[in-house]
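Q: Provided herewith is a single structure, encoded as structure tokens, for subsequent inquiry.
Throughout, read-outs are computed from the coordinates displayed, never taken from laboratory work. Everything numeric in this text was worked out from a predicted model, so none of it was measured. Every residue, glycine among them, receives a Cβ derived from its backbone with ideal geometry; neighbour counts consider all protein chains shown.
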Amino acid sequence: MKAEELYDLHKFDNLLETQINSTLQKGSAYSAFMGLSSALLLFYMQGSGLVKHMEAPILWTIIGGLFSLLISIMARYRLVKGTIIYFIAAGFVTLPTTIYILAYFFVPGGPATYVTGPASYLYFFTIAVCGLSFDARVATLAGLLAAIEYAIVCVLSFTTLEKISHPDPLFLQDLTSPPIYFFKSLMMLFTGLVVGVLATTAKKLMAQMLKEESEKSAISKLFGQFVSDEVKDKIIREKSEVIAENKEVAILFSDIRGFTSFSEKYKPDELVIHLNEYFDAMVESITRNGGIVDKFIGDAVMAYFGGLVEIESPSSSAFLAAQDMRKKLSDLNEKWKKIGLAPIDNGIGIHFGKVLQGTIGSRDRKDFTVIGDSVNTASRIESQCKEIKRPILLSEIVYANLPSELKSKCDRIGNVKLKGKEEEIVIFASG
């Protein structure tokens, strides 16, 4: 089993343990309050003469209340785990049986006094509570134990039940016939099986939810903090499992002009603060227009539009992002000028084409990125900004994809031979 799978399994076990203890703590606290308050109420009613022969119910509610209180305390400190769950389940299921045991010693009619009363239905409640362990084995054991205990109680009650008489034979059969009681025991057994199935289903749903959350978390980490919340949410919602695939995207490269000489003017800590403010502004322009920041390469930014997140016109979005980047840079330079900081200039290159998009890297280190000749072309176009002396350059295919109102903001530069390319390409400029 891989380390990631072991981690997820351990995480799920911890989540399940926390859920079981949390549920038992609250449920047992309510049960303890109900049991102990009922004991006080019955004690008062018997002392006032409102009821008689309540010794067995009073002792039963006290025992049940104290047992529930003990479980609540254990759950609070997360002690309910492992094999302890089986003992707790057995204790809960046996609670109804205790009233029959007490009745055997304190009530003239013995266990038969309560054999058809609320205590018999309490078995079904305790089986359901055992299902909160999210373990089919615990629920099945609870059903089996309840069926056996109630069957024994019924056997001990038949001697007394046989003495009952009534003119209605159907009523008498329902009250005294052994098969009726054994059917109830059988229902308890099958209730345990059904609750076990529900517990298993609930456990699988929890595991699936944890898996999906882990996948979403992995994707979120993969894209980092430089992707807008809207884009990240869309990626997580629509692509929980990302594989390598061919896509057509618009790639944008932006680089600071003369960064070496610029960096020599500042101390390292001052330079980082200066650059972070610049990158914040550039990233905001990119993400606002639906782009995804792929990576930072020194003082350069690489982003792409389309592909994983569908955009109506990736080229238009990239071009609008580039214009907004230039505007924000102008505003930053005005701000920096007022406080005596040197201005920054940058160049932006845009190209549109096919890329391979997906999680790429080694076994221990992967990045979600796009690679291919189109990426290299966009980088080469950006490097021409210094030579052509224009801040925004775009390939002919990007220009062709722009609407007329954006084309009007561009000038045709002509054929340009890019470094590492045999054929020249037509370049357009803006700004």
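Q: Set the Förster radius R0 to 56 Å, insert the Cβ-Cβ distance between Lys267 and Gln208 as r into 1/(1 + (r/R0)^6), and round the FRET efficiency to 0.05.
A: 0.60
Q: What is the gain in length, in nm to one decimal, between Leu66 and Leu15 on full extension, counting 0.36 nm per residue of separation less the C-alpha to C-alpha distance?
A: 15.6 nm
Q: Using 1/(1 + (r/R0)^6) with R0 = 22 angstrom and r between the beta carbons of Ser330 and Ser408, what's the FRET efficiency to the nearest 0.05?
A: It comes out at approximately 0.60.
Q: What's the magnitude of the charge dipole for the chain around its Cα centre, counting Lys and Arg as +1 and Asp and Glu as -1 at the beta-carbon? Answer in Debye, nearest 20.
A: Dipole of the chain, to the nearest 20 debye: 480 debye.
Q: A further question on this structure: Full-extension gain between Leu356 and Lys419, please, as 0.36 nm times their residue separation minus the C-alpha to C-alpha distance.
A: Taking 0.36 nm per residue and subtracting the Cα distance, the gain is 20.5 nm.
Q: In addition: With a ≥ b ≥ c taken as the square roots of the eigenvalues of the C-alpha gyration tensor of the range 39-160, please select rounded if a/c is under 1.5 and otherwise prolate if a/b is larger than b/c or oblate if it is not?
A: Since a/c reaches 1.5 but b/c is at least a/b, the shape of the range 39-160 is classed as oblate.
Q: To make sure I understand, if each residue's beta carbon is the centre and we count other beta carbons within 10 Å, what order do Met209, Met74 fall in, fewest to most?
A: Ordered by Cβ neighbours within 10 Å, fewest first: Met209, Met74.
Q: Also: Set the Förster distance to 25 Å, then compute FRET efficiency between Arg76 and Arg137 from the Cβ-Cβ distance, nearest 0.05.
A: That gives a FRET efficiency of 0.50.
Q: Something else: Taking other Cβ within 10 Å of each residue's Cβ, how do Asp324, Asp411 sort, fewest first?
A: Listing Asp324, Asp411 from fewest to most nearby Cβ atoms yields Asp411, Asp324.
Q: Rounded if a/c is under 1.5, else prolate if a/b beats b/c, else oblate: with a ≥ b ≥ c from the C-alpha gyration tensor eigenvalues square-rooted, which is the chain?
A: Prolate.
Q: So how do Cys385, Cys410 line up by other beta-carbon neighbours within 10 Å, fewest first?
A: Least to most surrounded, the residues fall as Cys410, Cys385.
Q: Hydropathy first: keep DSSP H helices in the chain averaging at least 1.0 on Kyte-Doolittle, then drop any whose Cα extent along the axis falls short of 30 Å, and list what survives.
A: Span-like helices in the chain: 55-76, 84-106, 136-161.
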